[in-house]
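The values are calculated or read from the model by the stated rules, or taken from the named source; none is laboratory data. Keep in mind it's a predicted model, so treat the numbers as computed, not measured. No Cβ is skipped: glycine too gets one built from the backbone with ideal geometry, and neighbour counts run over all protein chains shown.
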Amino acid sequence: RATLGVLGGGQLGRMFVHAAQRLGYFTAVLEPDVHSPAGQVSHHHIQTGYDDPAGLAQLAHLCQAITTEFENVPAQALQTLALTRPVAPSAAVVGIAQDRVAEKAHFAACADLSGVTCAPYAVIETLAQRQAVQAERAELLPGILKTARMGYDGKGQVRVKTAEELAAAWAELGGVACVLEKMLPLTAECSVLVARGWDGQVVSFAPQRNVHVEGILAVTHAYAGNMPPTLAERAQAAAVAIAQHLGYVGVLCVEFFVVDDGSTHGGLIVNEMAPRPHNSGHYTMDACDASQFDLQVHTMAGLPLPQPRQHSPAIMLNLLGDVWFDASGQLQEPDWRSVLSLPGTHLHLYGKLEARAGRKMGHLTITGPDVASVKTVARRAAGLLGLPGLDDI
Ligand code: ATP
Ligand code: MG
Ligand code: MG
């Protein structure tokens, strides 16, 4: 049997491993953390740093093809692996996705093809650039200062209203390379998953609508009518164009903002992309005939990519560590029995040993025969678990 490899041992790696094993593949995970979600379930767990040459050599030796489960692995590691094995996505595209400056430049370069642009922004890498932005780009305030690298779940971001706040925020972030993005009045957010094979075959899912709370994904709405159809079609086509322009291989997620531009459907702005399956696509495991992880396995193994079909409407609720603490701050296992007694609930727990506030511990997908019943159950489950983000249902 062939072995598929993954750099990184988080929950996305774990779900990749599950999907690979279902098709009969062995798996190898390279991850320093001994108790990692993916390492626990993989045939091979190479327990070492992402840039350890001996570990990378062992991974390459074991595997037929190798992917990554998070964008902040050193692009150099992917480059090294690619000397001897097929690696997807490539070091070059991961390098773009892990740097907001390069990422925005890519979005600009393919704007004619994709039909979307990103929010107005400025690059701040030097004191002179920061001062120039303060003097000449007042229209970017209020804005969000984001570190160019290593940010996720809203980390490495500071909201700034004035030039003084911008100066303080840049200092707070350590004076590292940043982008200052204009704060847009969002009416909604959505994301699109695309899978593209070595041969250029491409399939995609319809956009899911996402609700974030404090910069972290809280709820994903995945059903027909979750957003205006015109907008949904544009987002799906834009994501495919972005993947094609990159020559992308693997699963890519593109995040979009929806803003009120005076048109009936609203305007679409591209936010960022993730060179891997995405939290907002977890519903595909329970609501579609092929999940984002199945497609990731197919791309890695060079298998045909079936056009996925969603068979049930779905809502996904993220389970952050906060759910594990009761009102008095005591650690307590949530009441899964009550949640699982509700129809159409699919509980996924990632096997993380320690619950911490804001830490992604699992998710709950609700499927059902129609949107109304899915919403009813989602509201009940969210109520039982004390989850936020369902006000707009
Ligand atoms: P992820 O975990 O998705 O990688 P991230 O840390 O890279 O998140 P972003 O996607 O840039 O962060 O921003 C997180 C959230 O903050 C967005 O989904 C959106 O809700 C809000 N946000 C970010 N940029 C803007 C903006 N320019 N205007 C308004 N809201 C924004
Ligand atoms: Mg991000
Ligand atoms: Mg994001």
For segment 372-393, indicate whether the set of residues that are touching a Gly at 6+ places or on another chain (Cβ under 7 Å), closer than 20 Å to GLY281 by Cα and part of a helix (DSSP H, G or I) is non-empty. yes
Filtering segment 142-166 down to residues that are over 25 Å from GLY95 (Cα atoms) and in contact with a helix residue (DSSP H, G or I) (Cβ under 7 Å, 6 or more places away or on another chain), which residue is nearest to ligand 2 (Cβ to nearest atom)? VAL160
Being surrounded by fewer than 20 Cβ atoms within 10 Å (Cβ to Cβ), within 19 Å of the chain's Cα centre (by Cα) and within 16 Å of ligand 1 (Cβ to nearest atom) is the requirement here; does HIS212 meet it? yes
Those residues of segment 1-12 which are buried (at least 16 other Cβ atoms within 10 Å of the Cβ) and out of contact with any helix residue (DSSP H, G or I) (no Cβ under 9 Å at 6 or more places or on another chain), in sequence order: GLY8, GLY10
Give me the residue from segment 269-294 that is more than 16 Å from ligand 1 (Cβ to nearest atom) and over 23 Å from LYS360 (Cα atoms) and, out of that set, nearest to the chain's Cα centre (by Cα). ALA290
Say we look at segment 151-197 and pick out the residues that are in contact (Cβ under 8 Å) with a residue 40 or more places away in the chain and acidic (Asp, Glu); which of these is farthest from ligand 3 (Cβ to nearest atom)? GLU181
Test for ALA222: is it within 28 Å of GLY143 (Cβ to Cβ), among the hydrophobic types (A, V, I, L, M, F, W, C) and away from ligand 1 (no atom under 15 Å from the Cβ): no
Selection count where residues are buried (at least 17 other Cβ atoms within 10 Å of the Cβ) and of a type in the set (A, V, I, L, M), scope segment 313-359: 9
So for segment 173-191 (the condition being modelled with pLDDT of 95 or more, basic (Lys, Arg) and either within 15 Å of ligand 2 (Cβ to nearest atom) or farther than 17 Å from VAL270 by Cα (or both)), does at least one residue qualify? no
Under 7 Å between Cβ atoms, at least 6 apart or on separate chains: pull out the pairs that start in segment 201-213 with a residue that is without any contact (Cβ under 8 Å) to a residue 60 or more places away in the chain and end on any residue that is part of a loop (DSSP other than H, G, I, E, B) and hydrophobic (A, V, I, L, M, F, W, C). PRO207/MET227; ARG209/MET227
ALA148 being of a type outside the set (D, E, K, R) and closer than 30 Å to ARG85 by Cα: yes
For VAL249, only one of the following conditions fails: (1) in contact (Cβ under 8 Å) with a residue 24 or more places away in the chain; (2) more than 14 Å from ligand 3 (Cβ to nearest atom); (3) out of contact with any helix residue (DSSP H, G or I) (no Cβ under 8 Å at 6 or more places or on another chain). What is its number? (3)
Hey, can you tell me all the residues within segment 13-39 that are over 12 Å from VAL297 (Cα atoms) and buried (at least 19 other Cβ atoms within 10 Å of the Cβ)? ARG14, ALA28, VAL29, LEU30, GLU31, SER36, PRO37, ALA38, GLY39
Kindly establish whether VAL133 is free of Cβ contacts under 8 Å to residues at least 40 places away in the same chain and of a type in the set (A, V, I, L, M). no
GLU181: charged (D, E, K, R), surrounded by fewer than 16 Cβ atoms within 10 Å (Cβ to Cβ) and within 13 Å of ligand 1 (Cβ to nearest atom), yes or no? no
Please pick out the residue among ARG100, ARG85 that is more than 19 Å from GLY156 (Cα to Cα), touching a Cys at 6+ places or on another chain (Cβ under 9 Å) and not hydroxyl-bearing (Ser, Thr, Tyr). ARG85
Some residue of segment 192-209 being more than 16 Å from ligand 2 (Cβ to nearest atom), closer than 25 Å to LEU317 by Cβ and in contact with a Gly (Cβ under 6 Å, 6 or more places away or on another chain): no
How many residues are away from ligand 2 (no atom under 16 Å from the Cβ) and farther than 27 Å from GLY302 by Cα if we restrict to segment 244-261? 4
Only one of ALA232, ALA241, ALA274 is at pLDDT 95 or above, away from ligand 3 (no atom under 14 Å from the Cβ), closer than 25 Å to MET300 by Cβ and buried (at least 18 other Cβ atoms within 10 Å of the Cβ). Can you tell me which? ALA241
Of the residues in segment 42-64, those that are crowded, with 19+ Cβ neighbours inside 10 Å and of a type in the set (Val, Ile, Thr) come to ILE46
